[in-house]
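Notes follow the structure.
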Amino acid sequence: MPLQLPNLDDRRYDDLVAEALARIPTYSPEWTNHNPSDPGITLVELFAYLTDMLLYRLNRVTDDNARTFLKLLNTPSWETGDLPEQIRTAVLAVRERYRAVTKDDYEVLSTDSFNQWLIATSQSSIDLVARAHCVPQRNLEAGIESERLKLRPEHVSVVIVPASERPNPNPPPAVVATPAVNSSPQPTAAQIDALSSFLDERRMLTTKLHVVGPFYVHVTAQLVIARNIDALDQDLTDAVNQSLTSLLNPLPSSGGPGWPFGRDVFVSEIYEALEKISVIDFVTDVMLDSRCAPGDDKCVVAKPIWHAEGDLVGLGIQDHHLPVFEHADIVIAPNAAFIVANVSVSANAQPNADVASLKRAIKSTVRGVFHPGLGGPGPATGQPTDILVSDIRAAIKAIAGVLDPVSVTVDCVPSNVLQSDPDRGPFIQFEAGHVVDWRVTIALS
């Protein structure tokens with residue numbers, strides 16, 4: 001008795017029609033007439049009939065059909081051997097990624113496949129690739145950022161981050177090597193040329209391929225930190241620098257795959273990282289910035305992201321950029337040295353003025369008054385300091401677009417630091433070493 005061939009697909013005409021009709025509300029909810037007289041239903045039934053015929057033929061694939069398909073997958077001169085083994089080999093070969101079509105294709109070929117090829121061909125003079133990121137429709141070899149941001153449909157760019165060490169061959173080599181020690185590494189010309197040649201034979205014919213190194217956003221931070229009473233400033237500084245370096249690490253490490261390409265850097269993530277340091281009690285101020293050294297054509301400046309209330313949200317990172325931590329300007333004081341100042345500002349805005357920009361300017365002005373690194377009271381202040389509320393009001397009135405009347409009120413904790421006299425009006429009296437934890441609320445009309 002001959003063996004029964006397996007039924008590869010047991011759906012029939014009625015099943016196919018029912019499945020198609022069930023999908024109509026999901027993909028085309030405005031299509032409500034499902035009667036056989038509807039032209040669309042006629043087409044559904046037609047395609048169900050054709051599909052039913054294809055499924056019937058699918059369940060009757062002969063050995064001759066299989067050999068013909070194998071010749072199409074291999075070469076016309078291909079000779080068959082053990083048919084089941086040849087089918088298995090062909091299916092595995094089809095599943096192996098070779099042609100670069102999608103974004104994922106380029107990234108996998110530029111890392112896993114390229115590294116394996118380098119190891120297999122013993123090209124020890126060329127570094128392995130630690131990370132790769134494909135940016136379609138961009139020419140990242142363009143000389144200026146405005147040109148790199150232009151959409152170019154025929155172009156594909158691959159950004160690679162090199163690794164500095166080969167994997168240990170015992171046990172068998174891994175695919176990705178240890179990343180370079182340099183905090184912002186760039187691939188060599190030999191590595192770029194080798195990967196370009198490797199991808200050139202795998203790309204689509206009309207694709208213009210570019211292989212480049214990363215463009216880095218050098219992030220700096222201004223921080224005001226309240227430490228526990230028994231913590232040492234230098235130990236805390238080292239811990240902060242280590243934490244932010246690890247957070248904004250563009251390279252793969254034991255802690256993770258590295259900061260994602262094109263992901264914005266948010267102030268909230270800086271707060272979250274700092275709160276994990278045990279000797280920090282709280283953080284009162286975080287400000288981020290990015291700058292480039294003259295002549296560094298692989299450095300880009302990120303645009304700040306601002307909230308409508310005037311607070312910094314983070315730094316905007318383009319798809320082909322990677323952030324790297326540069327340094328932090330840190331003000332550290334014992335938690336008992338902090339004075340809370342709640343500042344409320346009420347003013348009129350000039351007609352047609354950008355209210356969000358005005359709020360940002362007001363908060364920046366108040367920050368300039370209180371921040372220890374910008375002239376405000378701090379750990380380095382060797383004598384008592386008075387800050388007049390009238391001076392804060394005058395500085396806000398000087399902002400273009402702010403109109404009278406301007407009102408500024410301040411509440412402090414502890415309340416006894418807020419004083420007043422007939423000549424100067426209300427003022428905040430800070431002892432030597434005091435630091436301000438300021439909060440600002442603004443009402444513009």
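The values are calculated or read from the model by the stated rules, or taken from the named source; none is laboratory data. These numbers come from a predicted model, not from an experiment. Here the Cβ is made from the backbone with ideal geometry for all residues, glycine too, and neighbour counts use every protein chain on show. Surface accessibility is based on the protein's heavy atoms, side chains included, excluding ligands, DNA and RNA. Shrake-Rupley method; radii C 1.70, N 1.55, O 1.52, S 1.80 Å.
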Study note, to complete from the structure: the chain accessible area per residue, 1.4 Å probe, protein heavy atoms, integer Å², reads 55 Å²
Exercise for review: Rank these residues by their accessible area, most exposed first, probe 1.4 Å: Val158, Val369.
Suggested key: Val369, Val158
Point to revise | Among Ala395, Ile119, Ser344 the positive-end extreme of the charge dipole of the chain (Cβ point charges) | key: Ile119
Practice item. Sort Ser77, Ser390 by accessible area with a 1.4 Å probe, largest first. Key: Ser77, Ser390
Practice item. Whenever you get a sec, line up Ser357, Ser420 from highest to lowest accessible area (probe 1.4 Å, protein heavy atoms). Key: Ser420, Ser357
Point to revise | Per-residue ³J(HN,Hα) for segment 312-329, Karplus 6.51 cos²θ - 1.76 cosθ + 1.60, θ = phi - 60°, Hz, x for Gly and Pro | key: 6, 8, x, 10, x, 10, 6, 4, 9, 9, 10, x, 9, 6, 9, 6, 10, 9
Review point. Rounded to the nearest 10 Å², what accessible area does Glu45 show when all protein chains are kept and the probe is 1.4 Å?
Key: 60 Å²
Review point. So which trypsin sites (Lys or Arg not before Pro) in segment 53-102 are both in a DSSP loop and have at most 13 other Cβ atoms within 10 Å of their Cβ?
Key: Arg60, Arg99
**Study point:** Options (1) 20.6, 77; (2) 32.5, 114; (3) 25.4, 84 - which one matches Rg and Dmax of the Cα atoms in Å as calculated here
**Key:** (2)
Review point. Given H placed on each backbone N at 1.01 Å, which residues far from Val331 in sequence or on other chains put an amide H within less than 5 Å of it?
Key: Leu223, Val224, Ile225
**Study point:** Accessible-area composition of segment 1-133, carbon plus sulfur, in percent [1.4 Å probe]
**Key:** 57 percent
Exercise for review: Provide the packing ranking of 305-314, 208-217, i.e. peptides ordered by the mean count of other C-beta atoms within 10 Å per residue, highest first.
Suggested key: 208-217, 305-314
Check your understanding: Projected onto the charge dipole of the chain (+1 at Lys/Arg Cβ, -1 at Asp/Glu Cβ, origin at the Cα centre), which of Gly382, Ala189, Val331 gives the Cα projection farthest towards the positive end?
Key -> Ala189
Exercise for review: Mind ranking 108-115, 79-86 by how tightly packed they are, going by the mean number of other C-beta atoms within 10 angstrom, highest first?
Suggested key: 108-115, 79-86
Revision key, fill the gap. Sequence order, segment 288-300: Karplus ³J(HN,Hα) from phi using 6.51 cos²θ - 1.76 cosθ + 1.60, θ = phi - 60°, Hz rounded, Gly and Pro as x, gives 10, 8, 9, 9, 10, 6, x, x, 8, 7, 9, 10, 10
Practice item. Enter the angle in degrees (range 0 to 90, nearest 10) between the Cα long axis of helix 83-95 and the first principal axis of the Cα atoms of the chain, meaning the one along which they spread out most. Key: 30 degrees
**Study point:** Rounded tilt (10° steps) of 189-200 against the dominant C-alpha axis of the chain
**Key:** 40 degrees
Exercise for review: Indicate, rounded to the nearest 5 percent, the antiparallel portion of the DSSP beta bridges found entirely in segment 203-342.
Suggested key: 55 percent
Practice item. Only helical DSSP H runs with n ≥ 4 go in: add -39500 (n - 2.57) per run for the chain, normalise by residue count and round the 222 nm mean residue ellipticity to 500 deg cm²/dmol. Key: -9500 deg cm²/dmol
Point to revise | Dipole magnitude of segment 1-127 about its Cα centre (Cβ charges: Lys, Arg +1; Asp, Glu -1), debye to nearest 20 | key: 240 debye
**Study point:** segment 50-122 versus segment 310-374: alpha-carbon centroid distance in Å
**Key:** 58 Å
Study note, to complete from the structure: Of the listed pairs Lys103/Lys150; Lys103/Lys298; Lys276/Lys298; Lys150/Lys303; Lys71/Lys103, those with alpha carbons more than 26 Å apart are Lys276/Lys298; Lys71/Lys103
Point to revise | Total charge dipole magnitude, the chain, about the Cα centre, Cβ charges on Lys, Arg, Asp, Glu only, Debye to nearest 20 | key: 800 debye
Practice item. Provide the percentage of antiparallel DSSP beta bridges, counting only those with both residues in the chain; round to the nearest 5. Key: 60 percent
Review point. Sequence-distant or interchain residues sharing an amide H contact under 5 Å with Arg131, placed H: which?
Key: Val161
Point to revise | Relative contact order [Cα under 8 Å, 6+ residues apart], segment 324-385, whole percent | key: 32 percent
